[in-house]
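Below you'll find the structure, written out as C-alpha cells, and then a few comments.
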Amino acid sequence: MPLLRNGEPIGALNLGRFTVGAFTERQIELVQTFADQAVIAIENARLFRELEARTRELTEALQLQTATAEVLRVISRSAFDLQAVLDTLVQSAARLCGADQSCIFERDGEVYRWLSGFGFPDEVVTYAKAHPFTPGLHSATSRVARSGEVVQIPDVLADPEYTATEHQRLGQYRTMVGVPLLREGAPIGVFTLGRTRVEPFTARHIDLVRGFSDQAVIAIENVRLFEQLQTRTRELAHSLHGLRSAQDRLIHTEKLASLGQLTAGIAHEIKNPLNFVNNFAALSSELVDELQEALQTGSLDGRIRAEIDELADLLKGNLAKVVQHGKRADSIVKNMLLHSRTGSGERRPVDVNNLVEESLNLAYHGARAQEPSFNVTLSRDFDPAAGTADLYPQEVTRVLLNLVTNGFYAVAKRVDGAGARYQPTLTVTTRDLGKRVEIRVRDNGIGVPEGVRAKMFDPFYTTKPAGEGTGLGLSLSHDIVVKQHGGTIDVATEAGQFTEFTIVLPRGGAEADQPESAP
C-alpha cells in the first residue's frame with residue numbers, strides 16, 4: 001500500500017501471509033487507513049524535527065545576538081578599557097562555541113604574549129605569560145601566527161608536530177582551534193579555543209570566532225589609536241606650553257627693557273640734583289661750623305650767643321638729616337640703575353654647590369667686615385647630585401647674596417631681643433630635582449608677618465627702617481630667578497620663628513619650557 005503525500009509516494013506499507021489467500025476489499029481499505037495514519041505520523045515527525053532544528057538555529061542566533069550585544073555594550077561603556085573588552089570576548093566565544101577554554105594572544109615584536117583568557121587554571125596563565133609563543137609548528141597559536149590562517153588541531157596528543165606539551169599538561173585541552181586577528185592582512189594576534197575532549201569545532205563555530213576576532217582587532221586598534229592620540233596631545237600640550245612660555249618671556253623682556261630704559265632715564269635725571277643736594281648739605285654743615293667759629297671772636301651778649309648756638313645746632317641737625325636721607329635716596333637711585341641694567345654676563349654651565357658655597361662665604365665675610373662682633377652658625381646641606389646648571393652666575397650670585405644677607409639681618413635683629421639661649425643659625429640646602437635644581441636659604445630670625453609675605457617681591461617694598469633697605473633686593477631677585485632663568489622663588493615664614501626662601505632653577509634653557517611634576 002503506497003504512503004502518499006500530496007499524491008507523491010513517500011513510502012509503502014506491506015502486508016503478507018504465509019498461506020495463499022487474497023486480502024479482502026475491507027482489509028485493503030483498513031490498510032489504506034493505516035497508511036494514511038502513517039503518512040500523518042511521518043509528516044508530524046518531519047515537521048517536529050524541522051521545528052526543533054529551526055528552534056536551535058533561532059536559539060543560537062539569539063545567543064549570538066545577546067553575546068554580540070554584550071560585547072558592544074562593554075565596548076561602548078569602557079571603549080578604552082581593553083582588558084574588559086577582551087575578557088568579555090573570550091567568555092562569550094567559549095560559551096557559544098561549546099569550548100572549555102579560550103584565550104587571546106597579541107603580537108609583540110617577534111613573539112605573541114598572553115592578553116586575556118577564560119577557563120584556564122592559574123598555573124596555565126602564569127606559565128603562558130612567562131613563556132610567550134613564537135611563530136612555528138609547535139602549537140595552534142604558533143601555526144596561526146606563522147600562516148595568518150585558521151588552524152584546527154582535532155587532537156593535540158595525536159599531532160606529532162605539537163610540542164607545547166607543558167601548556168597541554170597544565171591546561172588538559174585536547175582539541176584546539178586558532179583564528180588570526182588580522183589588521184590590513186597581517187596577524188597582530190591569535191584567538192584560540194580549546195576543549196578538554198576530542199571534538200572538532202564546526203565551520204559555524206569557526207565563523208563565529210572570526211566575528212569575535214574582528215571585534216578584538218577593533219578594540220585593540222581603538223586603544224592603540226587612543227594611546228597615540230594621548231601621546232600626541234601631551235606632545236602638543238608641551239609644545240604649546242613652551243610657545244606660551246617663550247611668548248611670555250619675550251613680553252616680559254620687552255616690558256623690562258622699556259621699564260629699564262624709563263627707570264634708568266628717571267634715575268639719571270634724579271641723580272644730578274640729588275648730588276647737588278647732598279654736596280650742598282655737607283658744605284652747608286661745614287659753613288655752619290665756620291660761622292660759629294667766626295662768632296666766637298665777636299663780642300656778643302651771652303643770651304644772644306646762646307640763641308645763636310642753639311639755632312646753629314638745630315641747623316646742623318637738619319643738615320645731617322638732609323645728608324642721611326640724601327644718601328638713602330642716592331642708594332635707591334643706584335639700585336634703580338642696577339635694576340634696569342640689561343647686561344647680565346655670560347650664560348654657562350655652573351657647578352651649583354660651588355656657586356652657593358662661594359656666595360655664602362662672600363656674604364658672611366662681608367657681614368663680618370661691617371660688624372666684627374656679628375656671629376652666626378652656618379649650616380650646609382649640599383646634595384652631591386645637584387651637579388651643574390646653565391645659569392648667569394653673576395646674577396644668581398646676586399640673588400644668593402641678597403637672600404643670605406637678609407637672613408643675617410633677621411637673626412641679628414632677633415639676637416637683640418632674645419636671651420643667651422638663642423643660637424642664630426642660617427642653613428643653605430641644595431637638592432637635585434632631575435631637570436631642575438633646588439636651593440633653600442633658611443634662617444631662624446625674626447620671620448615675616450603674614451600680611452607682609454604677599455608684598456615681599458614688590459619693588460620698593462621693605463620692612464627695614466629708613467636708611468637700612470631700598471626695597472629692591474627681593475624684587476630684583478624675583479626677576480632674575482623667574483623672568484631671566486625661568487625658575488621659581490617662594491617664601492615660607494613664621495613671625496618670630498624662621499624665614500625660608502626656596503629657589504628652583506631649570507638646568508638648561510630649553511628644559512625650562514617643559515612642565516614637570518614635583519618629585
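Determine the pairs where a residue that is outside any helix (DSSP H, G or I), located within the range 380-409, has a partner that is surrounded by fewer than 16 Cβ atoms within 10 Å (Cβ to Cβ) and basic (Lys, Arg) with Cβ atoms under 9 Å apart, the partner being 6 or more residues away or on another chain.
Asp390/Arg347; Asp390/Arg348; Leu391/Arg347; Leu391/Arg348; Tyr392/Arg347; Tyr392/Arg348
Quick check, is Asp108 surrounded by fewer than 17 Cβ atoms within 10 Å (Cβ to Cβ), assigned by TED's automatic domain parsing to the domain that holds Val190, at pLDDT 90 or above and not basic (Lys, Arg)?
yes
Inside the range 145-233, counting only strands (runs of 3 or more DSSP E) that do not spill past its ends, which hold 3 or more residues that are free of Cβ contacts under 8 Å to residues at least 60 places away in the same chain? Spell out the reasoning first.
Values: elements: 151-153, 175-183, 186-195.
The qualifying strands (runs of 3 or more DSSP E) are 151-153, 175-183.
Is there a residue in the range 248-262 that is over 19 Å from His485 (Cβ atoms), loosely packed, with under 12 Cβ neighbours inside 10 Å and modelled with pLDDT of 70 or more?
No: zero hits.
Could you look through the range 482-492, keep only residues that are crowded, with 18+ Cβ neighbours inside 10 Å and at pLDDT below 90, and pick out the one that is farthest from Ile439 (Cα to Cα)?
The residue in question is Gln484.
Within the range 123-142, track down each residue that is among the aromatic types (Phe, Trp, Tyr) and touching a strand residue (DSSP E or B) at 6+ places or on another chain (Cβ under 8 Å).
Quick first cut of the range 123-142, residues among the aromatic types (Phe, Trp, Tyr) only: 127, 133.
Listed by number, the list holds a single entry, Phe133.
Of these, Ala84, Ala93, which one is more than 31 Å from the chain's Cα centre (by Cα) and outside any strand (DSSP E or B)?
One residue alone meets the criteria, Ala93.
Out of Val190, Val223, I need the residue that is among the β-branched types (Val, Ile, Thr) and either loosely packed, with under 12 Cβ neighbours inside 10 Å or in contact with a Ser or Thr (Cβ under 9 Å, 6 or more places away or on another chain) (or both). Which one?
Unique residue meeting the criteria: Val190.
Of the residues Tyr422, Tyr392, which single one is assigned by TED's automatic domain parsing to the domain that holds Phe501, surrounded by 14 or more Cβ atoms within 10 Å (Cβ to Cβ), on the phi < 0 side of the Ramachandran plot and over 29 Å from the mean Cα position of the chain (by Cα)?
Tyr392
In the range 121-144, what residues are within 17 Å of Glu106 (Cβ to Cβ) and either in a loop (DSSP other than H, G, I, E, B) or in contact with a Cys (Cβ under 8 Å, 6 or more places away or on another chain) (or both)?
Correct list: Ala128, His131, Pro132, Thr134, Pro135, Ser139.
I'd like the full set of residues that are in contact with a helix residue (DSSP H, G or I) (Cβ under 7 Å, 6 or more places away or on another chain) and part of a helix (DSSP H, G or I), limited to the range 359-379.
Selection gives Ser359, Leu360, Leu362, Ala363, Ala367.
So which pairs qualify, if the first residue must be in the range 347-363 and touching a residue at least 24 places away in the same chain (Cβ under 8 Å), the second must be of a type in the set (Gly, Ala, Ser) and surrounded by 20 or more Cβ atoms within 10 Å (Cβ to Cβ), the Cβ gap must be under 8 Å, and the two must be at least 6 apart or on different chains?
Pro349/Ala389; Val350/Ala389; Val352/Ala386; Val352/Ala389; Asn353/Ala386
Conditions (1) under 39 Å from the mean Cα position of the chain (by Cα); (2) at pLDDT 90 or above; (3) of a type outside the set (A, V, I, L, M, F, W, C), marked per residue:
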| residue | (1), (2), (3) |
| --- | --- |
| Phe120 | yes, yes, no |
| Glu123 | yes, yes, yes |
| Thr126 | yes, yes, yes |
| Thr134 | yes, yes, yes |
| His138 | no, yes, yes |
| Ser142 | yes, yes, yes |
| Pro154 | no, yes, yes |
| Leu157 | no, yes, no |
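Being in contact with a helix residue (DSSP H, G or I) (Cβ under 6 Å, 6 or more places away or on another chain) and closer than 15 Å to Val491 by Cα is the filter here; which residues of the range 389-410 pass it?
Of everything in the range 389-410, those that are in contact with a helix residue (DSSP H, G or I) (Cβ under 6 Å, 6 or more places away or on another chain) and closer than 15 Å to Val491 by Cα turn out to be Val399, Leu400, Asn402, Val404.
The values are calculated or read from the model by the stated rules, or taken from the named source; none is laboratory data. Since the structure is predicted, the reported quantities are computational estimates derived from the model, not experimental observations. Cβ coordinates were reconstructed from backbone atoms using ideal geometry, including for glycine residues, and neighbour counts include every protein chain displayed.
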